[in-house]
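Every number in this text was worked out from the coordinates using simple rules, so none of it is lab data. Everything numeric here is computed off the predicted structure, so don't read it as measured data. No Cβ is skipped: glycine too gets one built from the backbone with ideal geometry, and neighbour counts run over all protein chains shown.
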Amino acid sequence: MSDNQQSEKMPLTAHLEELRKRLLRSLIAAFIAFGICYNFKERLFEVLTRPLVESMPKNSYMIYTSLPEAFFNYLKVSFFAGLVVSSPYILYQTWKFISPGLYASEKKHVIPFVLTSTILFVSGVLFGYFLALPPAFRFFLQFSTDFLKPMLTLREYLSLSLKLLLAFGIVFEIPVFIFFLAKIGVVNATLLKKQRKYAILLIFCIAAVLTPTPDAFTQALMAVPMMILYEVGIVVARWGEKKTAGKEAKEAPEGL
């Protein structure tokens, strides 16, 4: 019996129990990383606010409007950093959850999966940090005048920047998502190419949802890399189809 058949025969309760176990382990890893990162909260905060600080006018500063606000925002920064640090382990747990539905030979690809997914996630965060946030902040701050000055709050800045960075990290996983959708037969390279125009429309809709600001400039900063990653996903889907076809041909009984 193949691994896929065994996975199909697993009861729903077994799938839910496996999901609970993987989520619990991922949360524990994230909180351990959070505890470590909290010891460097000032440095992490300085790094995270640098794109805005470098775009602000001279003698500008951020404010916080309630006593516990600074403390809770240090927690946010530390937890986000912990999420990035623990992402390889979280992705490993993701692989362990989906691996029962793979062929035996494919289960050995855990290291390439974790490595590729981690690189893509971190690349998305770095793309947002270095290439998306600075021009977005410069764009918004250019509307400052002698009579109109920005008064930026710590809470609003972190809410905006962390959501954007996390969104970019998730968006950069598009090739991985497409690969697994192709593996289970939901999509294929031919379908993805034929539906490209609808995919572009959907990409701009997703960018509008994921970006916490309603402006077209920030949405375009997310939509453009998504379109590029969609094209990469087509290549990945074609490769995944070839790999699956080869596995099925090798495992098919002789004479059929």
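Relative to the dominant Cα principal axis of the chain, helix 87-98 is inclined by about 30°. Over the residues of the chain, the helix contribution to mean residue ellipticity at 222 nm works out to -24000 deg cm²/dmol, using -39500 (n - 2.57) for each DSSP H run of at least 4.
Go through LYS58/LYS149; LYS21/LYS76; LYS21/LYS96; LYS96/LYS194; LYS76/LYS149 and tell me which ones have a Cα-Cα distance over 21 Å in this structure. Over 21 Å apart, Cα to Cα: LYS21/LYS76; LYS96/LYS194; LYS76/LYS149. The label point for ILE170 and the one for GLN195, both projected 7 Å from the Cα toward the Cβ, are 2.0 nm apart.
Shape class of the range 124-168 from the alpha-carbon gyration tensor: oblate, with a/c at 1.5 or above and b/c at least as large as a/b.
Which three semi-axes in whole Å describe the equivalent ellipsoid of the chain, each the square root of 5 times a Cα gyration tensor eigenvalue, listed largest first?
41, 23, 13
How tilted is helix 110-127 with respect to the longest principal axis of the chain? Cα atoms for both, answer in degrees (0 to 90, nearest 10). So the helix axis and the longest Cα principal axis differ by about 20 degrees.
A prolate overall shape is assigned to the range 74-167, the ratio a/c of its alpha-carbon gyration tensor axes (a ≥ b ≥ c) being 1.5 or greater and a/b exceeding b/c. Using every pair of distinct Cα positions in the range 1-139, the Kirkwood expression returns a hydrodynamic radius of 18.0 angstrom.
Beyond 11 Å, the tail of the calculated P(r) for the range 191-232 holds 61 percent of the Cα pairs.
Of the two radii for the range 16-60, the radius of gyration is 1.32 times the Kirkwood radius, both from the alpha carbons; that is the Rg over Rh value. P(r) for the range 173-249, from all Cα pairs and a bin width of 5 Å, is 3, 17, 24, 20, 14, 10, 7, 3, 1, 1, 0 %, short bins first.
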